[in-house]
Amino acid sequence: MAEEKETLASVEQMTRECGTSARTFKSALIWVVAESPHPMREEARKLLAWQAVADESEDLKLDETQKHQLTENVQKARRDLKESVWRS
């Protein structure tokens, strides 16, 4: 994948250099790189969609059950996004 090659090249360059000078303690670095951004993007999209519905909830004239479900769905989407970040 092109993204992987670019990421690997960036990590290698940052490991060797710090700004414009050579890095002294190369073995003191730890790199954490997500395998794929797709799960996080999907969870972020879901959260944004639920938040958009919540923003328009007054205009939608939701009953109490629907408002409760909407609140639960927004909370679940926040939790799922946070978990997706940690899994990555």
- Of the residues in the stretch 62-71, those that are among the charged types (D, E, K, R) and exposed (fewer than 13 other Cβ atoms within 10 Å of the Cβ) come to ASP63, GLU64
- Note on the structure: Exception for GLU4 within (1) within 21 Å of TRP86 (Cβ to Cβ); (2) modelled with pLDDT under 90; (3) of a type in the set (D, E, K, R) falls at (1)
- Tell me which of these CYS18 doesn't satisfy, since it passes every other one: (1) free of Cβ contacts under 8 Å to residues at least 40 places away in the same chain; (2) loosely packed, with under 12 Cβ neighbours inside 10 Å. (2)
- Message: When you scan the stretch 78-86, do you find a residue that is within 21 Å of the chain's Cα centre (by Cα), hydroxyl-bearing (Ser, Thr, Tyr) and assigned to a helix (DSSP H, G or I), even just one?
- Response: yes
- Message: One residue is enough: does the stretch 53-73 have a residue meeting the conditions without any contact (Cβ under 8 Å) to a residue 40 or more places away in the chain, outside the structural domain of GLU3 (by TED's automatic domain parsing), part of a helix (DSSP H, G or I) and within 30 Å of GLU4 (Cβ to Cβ)?
- Response: no
- Query: From the residues in the stretch 72-88 that are more than 30 Å from LEU8 (Cβ to Cβ) and in contact with a helix residue (DSSP H, G or I) (Cβ under 8 Å, 6 or more places away or on another chain), which one is surrounded by the fewest Cβ atoms within 10 Å (Cβ to Cβ)?
  - Reply: ARG78
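Going by the conditions given, is LEU29 touching a Lys or Arg at 6+ places or on another chain (Cβ under 9 Å) and exposed (fewer than 14 other Cβ atoms within 10 Å of the Cβ)?
So LEU29 passes the test.
The values are calculated or read from the model by the stated rules, or taken from the named source; none is laboratory data. Everything quoted here is computed from the prediction, not taken from an experiment. FYI the Cβ positions are ideal-geometry reconstructions off the backbone, even for glycines, and counts take in every protein chain you see.
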